[in-house]
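A short write-up of the structure that comes next.
The values are calculated or read from the model by the stated rules, or taken from the named source; none is laboratory data. Model, not experiment: these values are computed from the prediction. Positions of Cβ are backbone-derived with ideal geometry, glycine not excepted, and every protein chain shown enters the neighbour counts.
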Amino acid sequence: MEAKAILRHIGVPATKVRLVIDQIRGKPVEEALAILRFSTRPVARVVEKTLRSAVANALVKDEDNPVDPEELFVSRIFADEGRTLKRLRPRARGAAFRVRKRQSHMTVFVSDGAAPVVPVDEDEVVEATPVSEE
């Protein structure tokens with residue numbers, strides 16, 4: 001079972017977000033939260049908040065089959081470019097330089113490793129292979 005959380009319009013460029021999310025990709029949730037908690041980068045707080053939201057979404061997604069939060073891991077996480085705010089900075093002799101304030105969007109998927117059923121044809125249903133940890 002997989003759950004996701006999306007955070008849009010983060011006031012940080014995607015390149016800076018990717019430096020943090022590359023450290024937690026594929027890790028168990030508890031380990032990923034520990035890495036984010038002790039990270040010195042300010043954007044780590046935003047990533048931690050989104051990861052906690054994805055875990056909460058996984059817990060309430062299917063109440064018939066509850067998920068143990070300790071079994072969850074970060075299956076996919078990525079940061080995309082968002083809107084760019086264009087501002088002007090006054091320069092000498094009446095000129096102006098453009099300042100680009102970049103934003104980003106982040107998506108976090110957490111999974112418990114159970115294989116989802118992937119339909120191939122309308123008549124045929126095949127189970128996907130489970131994700132193995134390295």
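Screening the stretch 1-13 for residues that are over 25 Å from ASP112 (Cβ atoms) and of a type outside the set (A, V, I, L, M, F, W, C) and picking the one that is surrounded by the most Cβ atoms within 10 Å (Cβ to Cβ) gives PRO13.
Taking LYS16, is it buried (at least 18 other Cβ atoms within 10 Å of the Cβ), at negative phi, out of contact with any Lys or Arg (no Cβ under 7 Å at 6 or more places or on another chain) and of a type outside the set (Phe, Trp, Tyr)? It is false that LYS16 is buried (at least 18 other Cβ atoms within 10 Å of the Cβ), at negative phi, out of contact with any Lys or Arg (no Cβ under 7 Å at 6 or more places or on another chain) and of a type outside the set (Phe, Trp, Tyr). Taken residue by residue, the stretch 119-132 has no member that is of a type in the set (S, T, N, Q), at pLDDT 95 or above and under 24 Å from MET1 (Cβ atoms). Among residues of the stretch 11-65 being part of a helix (DSSP H, G or I) and among the polar types (S, T, N, Q), the one that is nearest to GLU81 (Cα to Cα) is THR15. For the stretch 81-93, residues that are charged (D, E, K, R) and surrounded by 14 or more Cβ atoms within 10 Å (Cβ to Cβ) total 0. ALA56 meets all of the listed conditions (1) more than 13 Å from the chain's Cα centre (by Cα); (2) surrounded by 12 or more Cβ atoms within 10 Å (Cβ to Cβ); (3) over 20 Å from ALA114 (Cα atoms) but one, namely (3). Looking at the stretch 94-115, which of its residues are within 28 Å of ASP22 (Cβ to Cβ) and loosely packed, with under 11 Cβ neighbours inside 10 Å? VAL99, ARG100, listed by residue number. Could you tell me whether the stretch 66-76 includes any residue that is at pLDDT 90 or above, touching a helix residue (DSSP H, G or I) at 6+ places or on another chain (Cβ under 8 Å), in a strand (DSSP E or B) and not charged (D, E, K, R)? Within the stretch 66-76, one or more residues are at pLDDT 90 or above, touching a helix residue (DSSP H, G or I) at 6+ places or on another chain (Cβ under 8 Å), in a strand (DSSP E or B) and not charged (D, E, K, R). Among the residues of the stretch 28-49, some residue qualifies, meaning at least one is in contact with a Phe, Trp or Tyr (Cβ under 9 Å, 6 or more places away or on another chain), under 25 Å from SER111 (Cα atoms) and not aliphatic (A, V, I, L, M).
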